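Each remark here refers to the structure printed beneath this line.
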């Protein structure tokens, strides 16, 4: 079973955690990554252009109906929810979920619904519970769940809540998450 | 259509039922967000499954109407995305100055805040007397609010902030009168606006426009329906007419990509080619 989509959620402390994670992923990584990082609604595209400096994978702020391509990194734009359809993304400006838009739950639930056991859900450092419900759905639909070990998280609230609520497959120190993803998603021909 | 998962079949049947029973057409809406809204509507109705909702909705018009409202999204604000208005002032206003008279179609205007924002911008540019704005929405209920131009005063602080960021030149309070917990926009702002019901899914073209604004509406449609609406927009725009989409929307993934040039790329302002 090849994993096609890795859905990642994080809030407080996420920028530095994402830097660590993304810089360790190699060229031609065979799965797509969709990321929700909580941020202010009036923030600009600084986040994705900043993180592009640390990864060989192309980074995008998603535009509506953008195609999901393996080895690309997709960020939810500020003030929009990011949703997964089969093969492409949709955006919405529906009500915030857990006070958040983009919401991690919205991304993870839609990824779970469409990609089922071909999805991996990852929760990193975060200061509220947005993401727990989504990770639970992803697990229920047969996807793989990974949570950053709370003692390595800048803000342990989200990882701790996720571990309490979901029978998580892997609880890993931040440094071990990218190697685990590489292991789960071997490059074609390997 | 391929084989669907059981819960997707339930959603499919609900949407088909809503169409065949009442004519409300959500068949080509983007599935992921539609599903979320149906789930939260179930909660608000105290129902536990989509099949229960099917049965209830088919026999109960009031429930179907509530569902219709629950499935439509009306997130809006005055001067939402201020940078859009700055780009409009810089890139579009100079073009509009060359017309003795011009028409703007604001498609999917919801409760009207963004239409009035455009009226204020044109007023400040001295162009308002030369225009007619057609503001349409599929939902009569939100149009009633739009026509009244009455909004909660607690939103004025945010609107004022956005107005100033959007390049506003006056004191924002000049545009409304406060009364109790509401404000009413000054009547002159309504003078050049015609509000009317128009459904982008089922209704056709009704005039030729110099500008069409449709922001954060098409994100709720699938690609087939987006293409259909872009055909409608293309056929409703005059030569070199301007199309304005939402910040994260794009003409790129549609059939009409080649029919427009970028006018302000980051703000999704496009200009129809000949």
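Taking a ≥ b ≥ c as the square roots of the eigenvalues of the alpha-carbon gyration tensor, segment B:8-71 is classed rounded because a/c is under 1.5. Shielding value for B:63-75 is 1, the average number of Cβ atoms from other chains within 10 Å of each residue's Cβ. Summarised as an ellipsoid, segment B:1-123 has semi-axes of 40, 15, 14 Å, derived from the eigenvalues of the Cα gyration tensor scaled by 5 and square-rooted, with the largest first. Separation of segment B:207-246 and segment A:67-133, taken as the distance between their Cα centroids, equals 27 angstrom.
Using the Kirkwood radius over C-alpha pairs as Rh, can you work out the diffusion coefficient of chain A via Stokes-Einstein at 10 °C, viscosity 1.306 mPa s, in µm² per second?
On the way: Rh = 15.9 Å.
Stokes-Einstein gives a translational diffusion coefficient of 100 µm²/s.
For the Cα atoms of chain B, what angle does the longest principal axis make with the long axis of helix B:31-45, in degrees from 0 to 90, nearest 10? Roughly 70 degrees, rounded to the nearest 10. Relative contact order of chain B, taken over Cα pairs closer than 8 Å and 6 or more residues apart, is 18 percent. Between residue B:127 and residue A:1, the modelled labels are 5.6 nm apart [label points 7 Å from Cα along Cα→Cβ]. Of all DSSP beta bridges confined to segment A:64-190, the antiparallel ones make up roughly 45%. Need the C-alpha centroid separation for segment B:33-55 versus segment B:103-143, integer Å. Segment B:33-55 and segment B:103-143 have Cα centres separated by 34 Å. Helix B:223-236 sits at what angle to the longest principal axis of chain B, using alpha carbons and giving 0 to 90 degrees rounded to 10? Helix B:223-236 and the main axis of chain B meet at about 40 degrees.
Tilt of helix B:50-59 relative to the longest C-alpha principal axis of chain B, in degrees (0 to 90, nearest 10)? With both axes taken from Cα atoms, the answer is about 80 degrees.
Across segment B:82-272, Cα-Cα pairs farther apart than 32 Å form 11% of the total.
Restricting the calculation to Cα atoms, segment A:91-131 yields a radius of gyration followed by a Dmax of 10.9, 29 Å.
Computed from the C-beta positions of residue B:235 and residue B:8, the FRET efficiency with R₀ = 41 Å rounds to 0.75.
Using only atoms on other chains, find how many Cβ atoms lie within 10 Å of each Cβ of peptide B:34-42 and report the average.
Values: counts 3, 4, 11, 3, 0, 1, 3, 0, 0.
Across B:34-42, the average partner-chain Cβ count within 10 Å equals 3.
Summarising the strand pairing of the protein assembly as shown, around 35 percent of its internal DSSP beta bridges are antiparallel. Label positions at residue B:170 and residue B:227, each projected 7 Å from the Cα along the C-beta direction, are separated by 4.6 nm.
Per residue, the protein assembly as shown reaches -10500 deg cm²/dmol at 222 nm when only DSSP H runs of four or more residues are counted, each adding -39500 (n - 2.57).
Read-outs throughout are calculated quantities, based only on the coordinates presented, and are distinct from any laboratory measurement. Computed from a prediction, not measured in an experiment: that's the story for all the values here. When we count neighbours, we look across all protein chains shown, and the Cβ atoms used for this are built from the backbone with ideal geometry, even at glycine.
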